[in-house]
1. Please tell me if PHE319 is assigned by TED's automatic domain parsing to the domain that holds LEU189 and assigned to a helix (DSSP H, G or I).
2. Among the helices (runs of 4 or more DSSP H) contained in region 372-418, which hold 2 or more residues that are in contact (Cβ under 8 Å) with a residue 24 or more places away in the chain, closer than 20 Å to GLY343 by Cα and out of contact with any strand residue (DSSP E or B) (no Cβ under 6 Å at 6 or more places or on another chain)?
3. Check GLY677, GLY607 and return the single one that is out of contact with any Phe, Trp or Tyr (no Cβ under 6 Å at 6 or more places or on another chain), of a type outside the set (A, V, I, L, M) and either at pLDDT 85 or above or more than 17 Å from GLY566 (Cβ to Cβ) (or both).
4. Among the residues of region 554-591, write down those that are touching a Gly at 6+ places or on another chain (Cβ under 9 Å), farther than 22 Å from TYR539 by Cβ and either part of a loop (DSSP other than H, G, I, E, B) or β-branched (Val, Ile, Thr) (or both).
5. Go through region 153-172 residue by residue and tally those that are without any contact (Cβ under 8 Å) to a residue 60 or more places away in the chain and either in contact with a Phe, Trp or Tyr (Cβ under 6 Å, 6 or more places away or on another chain) or closer than 17 Å to SER103 by Cβ (or both).
6. Do we have any residue at all in region 78-86 that's free of Cβ contacts under 8 Å to residues at least 12 places away in the same chain and assigned by TED's automatic domain parsing to the domain that holds GLN169?
7. Tell me, please, whether a residue that is in a strand (DSSP E or B), modelled with pLDDT of 90 or more, aliphatic (A, V, I, L, M) and touching a helix residue (DSSP H, G or I) at 6+ places or on another chain (Cβ under 9 Å) can be found in region 57-78.
8. Pairs, please: C-beta under 6 Å, at least 6 apart or cross-chain, first residue surrounded by fewer than 19 Cβ atoms within 10 Å (Cβ to Cβ) and in region 341-352, second not in a helix (DSSP H, G or I)?
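The values are calculated or read from the model by the stated rules, or taken from the named source; none is laboratory data. Bear in mind the structure is a predicted one, so any value in this text is a computation, not a measurement. Cβ sites come from the backbone with ideal geometry, for glycine too, and all protein chains shown count toward neighbours.
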Amino acid sequence: MLSLNSFTPGASGFSLGNRVSGSRDAEGGRRERGSTDTPDASGPNVYTRRPLKTLLLAESHPPTLEHLTGLLSQAGYTVRAVSDPGSAMEHFVADNPDMVVVSVDLPRLEGAHVGHLIRNHSQGARVPIVAIDKGHLGRARGVAAVLDLKVNAYVADPLKPGELVGKLQSLASVAANSGAPLKGVRVLLSRPAVVSGELKGFPLPSLLVSLHRMQRDGVLVVAYRDLTRRVFFARGGAVNYDSSARQDALPSYLLQRQVVTEVQAERVVQALGSGLRIGAALAEAGVEAAGEELLQLLRDYTTDRLAQVIGMREGRYAFYPGDEFQAEVATVETPALAPILDGARRAIPLKVMAAPLRAHQSEYPVRTPEFGKDLAELGLNTDDLKIAMQVNGRIPLRDLLAHGRGDLRRGYSLLWFLKLAGCVSFSPTPVATGPGEVVAVPESIAPRKRKPLSPETETSLRDGAVKIITGSYFRCLGLDIAADTEAVERAYHELATHFHPDSYAEFDTSEMKDLLESVQEKLSAAYRVLSVEEKRKAYLQYLMSRMDVGRSTTVNVDAEIILRRGEAALKRKQYRSALIHFEEAVTLNPQEPEYYSYLAWATFLAGTGPKEDRAKAAQKVLRKALSLNPYLERALIISAIIDSEMEDASVARKKLLKVLELNPNANLAKAALRKVGR
């Protein structure tokens, strides 16, 4: 039996390593039926490779994409063709292709080329990547354009007969003869997924129920753009979680739970990065968590993050069968079905859960024998159990939902969940359950008397409602203009739930009915616009045209979004990422002087070479900004700060005094002048 410290750092800053107490032995695991891999003579953990036939093609030029899809299909490849970088990453992670063909000029995703993102991914080291250029259009950039992409081959003209297919066949031959054994998770992910598809429509709750019923082992992979999340399953229950996002990591979760402070969380990340197990990393940070307490934290963490995955509706998913991961991944037992209800209540709209119950409103729900068998796996809390005990086959569904113990959303979500899990059935007549009972008598629940809202709650709702109704779509959802679709989705559901009357079903909200309805209308309108990229950009263009944003040129929405992302990276002290974002913003709108100010500061902080060279490069960028606007305050202040950093205080002071002559209220210039004068 291994100690509780047998956890190792992974892509998210935390990944469960070797097994822990209470986990399933790898030697006792089952081999999945129908596996396409065959054991090799070298031993039980070595498998022969499949022919390299599944291929991801990423090309943004539609005619080229169509032509190459046909060409590669005729050559015998199963082609997944995509035209944007976000879809490329989603399909790479979820579909696990054997080979990748990517265009050199494919638009960047978060400042990085898809080739970089794939190669840096945990599955990317093994995949042959071919970069294709635009020689057939007379716009080839040359092999120098792909030197930093770590590709296996470069094809200048992919439409030249035999060129691309020949490269692919050559790479496939090399891969087939490499003889490198696959082990653990890599063996599992080398197989075809038994099920995969789009996350739209919330397919994961049904999938988790199936995994539980079939007691499946394997890995569920979900991908959205460059975000990858993996959930490991043993005997149908989630036993481990991993993510490519640091905010999904265990230290972040412990910080949210107030188990650790910010300083301790950072120490845990550093300790995990140095190779310590999670128990040792916590001890290193001064956190006392061991034994059952640590196991419970890990159970809660895995369950919580799986619930987060359940609510995703953008991207792709795939499930890979097998138990080979148990040789290198720790397992902690969790309630197999509980994350479904938690995730549904976080993110799935009420109307989605109400739809399957609509036909049963006049029928009598009753618990099935599966309810008792699965009670531990359902993970119901006390309030949910009280509602479930009323599901006795004698109360009509409509009465149970309207007058039962929970509010409307709690009741709908629980009945939806129990129906999905096969733990409740519906009868057209009352069900006889007593001994010797032939005819059952229906029961009724008296309508509940609603309590008045507390003055504090009512004031909070009114103030919040006014801010939502009078604010822009971004402000009413509490979002920055750089927010992506996932952030819009999350904010909408949180606010719509908070301000929905059903969330206060036990209270009398009749006096606020019109106000709350207006809030729902405003939130729905904001969601309809901001959840669609084209509509979001059009709204931003309209919004900025009506605002004084301090720009001397026509607003470029894409550039503004990239600029905000760069500002966010600066605040996080991710200077290299900020530099990439500001460079892209300048490329999109080279006539906007403000962009050069940001770019200059990032160049000074994260440019190449010694400090003197970075300062010269930054000042050169600032001269470009000042050539476009000689009175640009931000550029003058940054130039002065750089002079001060280079110990040229007199020049810095002159520049700051010039700013204060133009604007005596420039607080940033005043603060910089005080620093220079020290």
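1. Values: assigned by TED's automatic domain parsing to the domain that holds LEU189: yes; assigned to a helix (DSSP H, G or I): no.
Considered against the rule, which asks whether it is assigned by TED's automatic domain parsing to the domain that holds LEU189 and assigned to a helix (DSSP H, G or I), PHE319 comes out as no.
2. Numbers: elements: 375-378, 382-389, 397-403.
The helices (runs of 4 or more DSSP H) meeting that bar are 375-378, 382-389.
3. Working: GLY607 fails: either at pLDDT 85 or above or more than 17 Å from GLY566 (Cβ to Cβ) (or both).
That would be GLY677, the only listed residue that is out of contact with any Phe, Trp or Tyr (no Cβ under 6 Å at 6 or more places or on another chain), of a type outside the set (A, V, I, L, M) and either at pLDDT 85 or above or more than 17 Å from GLY566 (Cβ to Cβ) (or both).
4. Answer for region 554-591, where residues must be touching a Gly at 6+ places or on another chain (Cβ under 9 Å), farther than 22 Å from TYR539 by Cβ and either part of a loop (DSSP other than H, G, I, E, B) or β-branched (Val, Ile, Thr) (or both): just ILE580.
5. Residues in region 153-172 being without any contact (Cβ under 8 Å) to a residue 60 or more places away in the chain and either in contact with a Phe, Trp or Tyr (Cβ under 6 Å, 6 or more places away or on another chain) or closer than 17 Å to SER103 by Cβ (or both): 8 in total.
6. Applying the first criterion (free of Cβ contacts under 8 Å to residues at least 12 places away in the same chain) to region 78-86 yields none.
No, because not a single residue in region 78-86 is free of Cβ contacts under 8 Å to residues at least 12 places away in the same chain and assigned by TED's automatic domain parsing to the domain that holds GLN169.
7. Yes, that holds for at least one residue.
8. Qualifying pairs under 6 Å: ARG346/GLY311.
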